[in-house]
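Reading through the structure tokens given below for one structure.
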Amino acid sequence: MDNRMILLIILAAGFLLLIAGAYLLAGKYRKKYKAVSLDEIEGHDFEYYCAELLKKRGFLDVTVTKGSGDYGVDVLAEKDGVTYAIQCKAYSTPVGVKAVQEAFAGKEYYDRMVGAVLTNQYFTKPAVEAAKKLKILLWDRGYLDSMIEEE
């Protein structure tokens, strides 16, 4: 065998290993999120979990924003021609006004039609009042559970 043939075989094997690794990694994350309770998923992992859930619910162009400096929005998405800016909160206590303010600011910054807060908890009364005033959707634990059940 000449050197070009050996190089071609090595490149092909490397490509197959890369594909297999990506497939196994994707499976690992799917299993991780199904096996873990919603109350055990934290921070950035919760944002990716929510993004995957939105994709399964028919949202398009679903993007998780960068961690810091995201202007109060964790996920950008579109469904039925409506653009969304979504703040994801994995909390152990009810979600307050600050999350609603962040969703509103992010909606404006990213020029989205709808702002929303998606959480594994419920919302405080002041958060509900602020959301009504600022026209921000509140997707609480019950809504999140119903999204999961539809999978």
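None of the figures in this text is laboratory data; all of them are computed from the coordinates on show. Keep in mind the model is a prediction, meaning the values are calculated, not measured. Note that we place each Cβ from the backbone using ideal geometry, even for glycine, and neighbour counts take in every protein chain shown.
Values computed for the structure shown
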{"item": "Dimensions in Å of region 104-151 - Rg and Dmax from alpha carbons", "result": "11.9, 32"}
{"item": "Distance (nanometres) between label positions extended 7 Å along Cα→Cβ at residue 9 and residue 148", "result": "5.0"}
{"item": "Computed E for residue 82/residue 125 - FRET, C-beta separation, R0 35 angstrom, nearest 0.05", "result": "0.80"}
{"item": "Mean shadow area of region 58-151 over all directions, Cα convex hull, nm²", "result": "6.0"}
{"item": "Residue-by-residue Karplus 3J(HN,Hα) for region 37-46, coefficients 6.51, -1.76, 1.60, Hz, glycine and proline x", "result": "5, 4, 7, 9, 7, 10, x, 5, 4, 5"}
{"item": "Amide H contacts of residue 121 (H built 1.01 Å from N, under 5 Å, at least 5 apart or other chain)", "result": "91, 141"}
{"item": "Amide hydrogen neighbours beyond the local backbone of residue 115, cut-off 5 Å, H modeled", "result": "85, 137"}
